[in-house]
Amino acid sequence: MSFVEYDASSWTGRDDGEGAEHRRWHRQVTHTMSAGRAVGGVSVVGFASDEGVRRNGGRQGAAEGPQALRSALAPLALHVDVPLRDAGTVVVDGEDLESGHEALGELIARELDADARFVVVLGGGHETAYGSYLGRIRSAGLQGAHVGVLNLDAHFDLRAADRPTSGTPFLQMAEADAAAGRRFDYTVVGIAEPSNTPVLFDTADRLGVRHVLDTDAQPVHLAGVLHLVDELVARVDAVHLSIDLDVLPAAVAPGVSAPAAYGVPVEVLEAVCRRVAESGRLRVLDIVELCPRLDIDGRTAKTAARLVTTCVHASPART
């Protein structure tokens, strides 16, 4: 495991002039933790990892995701004056995913306890989500909190395996919560029935997982999807939102390990992200499975950046 510090060259873009009316991500991001900039801001951390995808037999390249996501975010306009901090990137070297998870957990906990509004984690394969979990359970500010997990994904990622992969993070969370006496509260929107075996549906039922199939997560069903999201938000103290980009249709998100044959339209995902962020309960957002080498015209990265920016704009300032 290694660590890459903030790199200003990752944050470049169009510059139309001075003043708030010209605000963009690349002009707002800082690497400092000064009191005036950190409190109530949004922290960005990277997790450059392919190891979980490799172990899961998927197409590799997600380790390049954090850099591509920063580049996609950099030129986007900001319509709110929120402090943005880039806290660097945890890099998984070789096969040592477990050390990477530990380091990511420590970094996220530190950022949350520096009073970040929420932490954005740029993956990485979906193994990223377990590092996000370690960060939130180690955060002093979230001790004793009931945290709900909302996963926007074509897959449950509840696979049983002899070691962590990109297909195991939510089963790992369930097992760790059970061992610690915490409640595991997990909802998934976008499940592709042909991509999940009966044993995964059985595991989800056993764990009390609520889910919406991709066929039922279309714009015509948006009210029902948002009702499920509202139920989750109402019963928890905080939300861990995980976005696997393979939930999107392949035409919108070609740059992923497992492109979707059906997928959930971006307008549904944007509405869900907005609803969660507006609740004020969003504390961790990880966005995963971007494989830049497989992307076309940056479509996947740009869509991911749009969803992240929606969350930043919609999240109320903490008081």
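The values are calculated or read from the model by the stated rules, or taken from the named source; none is laboratory data. Small disclaimer: the values here were computed from a predicted structure and weren't measured. Cβ coordinates were reconstructed from backbone atoms using ideal geometry, including for glycine residues, and neighbour counts include every protein chain displayed. Accessible surface areas use protein heavy atoms only, side chains included; no ligands, DNA or RNA. Shrake-Rupley method; radii C 1.70, N 1.55, O 1.52, S 1.80 Å.
Below are the figures for this structure:
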{"quantity": "Computed [θ] at 222 nm, deg cm²/dmol, the chain (DSSP H ≥ 4; -39,500 (n - 2.57); rounded to nearest 500)", "calculated": "-10500 deg cm²/dmol"}
{"quantity": "R0 of 45 Å, Cβ-Cβ distance HIS31-ALA251: FRET efficiency to nearest 0.05", "calculated": "0.80"}
{"quantity": "Acute angle (nearest 10 degrees) that the helix 299-314 long axis makes with the longest principal axis of the chain, alpha-carbon atoms", "calculated": "70 degrees"}
{"quantity": "Of all accessible heavy-atom area on segment 80-213, the percent that carbon and sulfur account for (1.4 Å)", "calculated": "49 percent"}
{"quantity": "Net dipole in debye of segment 127-281 [+1 Lys, Arg Cβ; -1 Asp, Glu Cβ; about Cα centre; nearest 20]", "calculated": "500 debye"}
{"quantity": "Farthest positive-ward along the chain dipole, Cα basis, beta-carbon charges - from PHE184, TRP25, GLN60", "calculated": "TRP25"}
{"quantity": "DSSP loop GluC sites (Glu not before Pro) with at most 16 other Cβ within 10 Å excluded, longest remaining stretch of the chain", "calculated": "96-319"}
{"quantity": "³J(HN,Hα), Karplus 6.51/-1.76/1.60, whole Hz, each residue of segment 259-269, x for Gly, Pro", "calculated": "x, 8, 6, 10, x, 9, x, 5, 5, 6, 5"}
{"quantity": "Simple label model, 7 Å out from Cα along Cβ direction - ALA180 to ALA161, nm", "calculated": "2.2 nm"}
{"quantity": "Integer Hz, Karplus 6.51/-1.76/1.60 couplings in order for segment 217-232, x for Gly and Pro", "calculated": "10, 9, x, 5, 9, 4, 4, x, 4, 5, 5, 5, 5, 4, 4, 4"}
{"quantity": "Average Cα contact separation per residue, the chain, under 8 Å, 6 or more apart, as relative contact order %", "calculated": "21 percent"}
{"quantity": "Degrees between helix 169-180 axis and first principal axis of the chain (Cα, 0 to 90, nearest 10)", "calculated": "80 degrees"}
{"quantity": "Estimated FRET transfer efficiency (HIS313, ASP93; beta-carbon r; R0 30 Å; 0.05)", "calculated": "0.25"}
{"quantity": "Label corresponding to semi-axes √(5λ) of the Cα gyration tensor in Å when calculated from the structure given, among (i) 49, 36, 17; (ii) 28, 27, 16; (iii) 27, 21, 21", "calculated": "(iii)"}
{"quantity": "Using alpha-carbon coordinates, inclination of helix 128-138 to the longest axis of the chain, degrees", "calculated": "80 degrees"}
{"quantity": "Mean separation of Cα contacts under 8 Å (6+ apart) over length of segment 94-252, as relative contact order %", "calculated": "26 percent"}
{"quantity": "Sequence-distant residues sharing a close amide H with HIS211 (under 5 Å, placed H)", "calculated": "VAL188"}
{"quantity": "LEU76 long-range amide H proximity, modeled H, under 5 Å", "calculated": "TRP25, HIS26"}
{"quantity": "Global geometry of segment 174-319, whether rounded, prolate or oblate, following the gyration tensor of its Cα atoms and the 1.5 cut on a/c", "calculated": "oblate"}
{"quantity": "Separation in nanometres of the label points that stand 7 Å from Cα toward Cβ, at ALA223 and ARG293", "calculated": "4.7 nm"}
{"quantity": "Net charge dipole size for the chain [Lys, Arg +1 and Asp, Glu -1 on Cβ; Debye, nearest 20]", "calculated": "620 debye"}
{"quantity": "Charge dipole (debye, nearest 20) of segment 1-160; +1 at Cβ of Lys and Arg, -1 at Cβ of Asp and Glu", "calculated": "380 debye"}
{"quantity": "Rounded, prolate or oblate (a/c below 1.5 giving rounded, otherwise prolate when a/b exceeds b/c) for segment 46-163 by Cα gyration tensor", "calculated": "oblate"}
{"quantity": "Sparse-neighbourhood loop sites, trypsin sites (Lys or Arg not before Pro) in segment 212-319 - DSSP loop, at most 13 other Cβ within 10 angstrom", "calculated": "ARG318"}
{"quantity": "GNM flexibility winner over the chain from VAL82, VAL264, VAL199 (Cα, springs under 10 Å)", "calculated": "VAL199"}
{"quantity": "Percent RCO, i.e. relative contact order, over segment 224-319, from Cα pairs under 8 Å lying at least 6 residues apart", "calculated": "35 percent"}
{"quantity": "DSSP-assigned coil residues among chymotrypsin sites (Phe, Trp or Tyr not before Pro) in segment 177-228, each with at most 11 further Cβ atoms within 10 Å", "calculated": "none"}
{"quantity": "In order through segment 88-98: 3J(HN,Hα) via Karplus (6.51 cos²θ - 1.76 cosθ + 1.60), integer Hz, x for Gly, Pro", "calculated": "x, 10, 7, 10, 7, 8, x, 9, 8, 5, 4"}
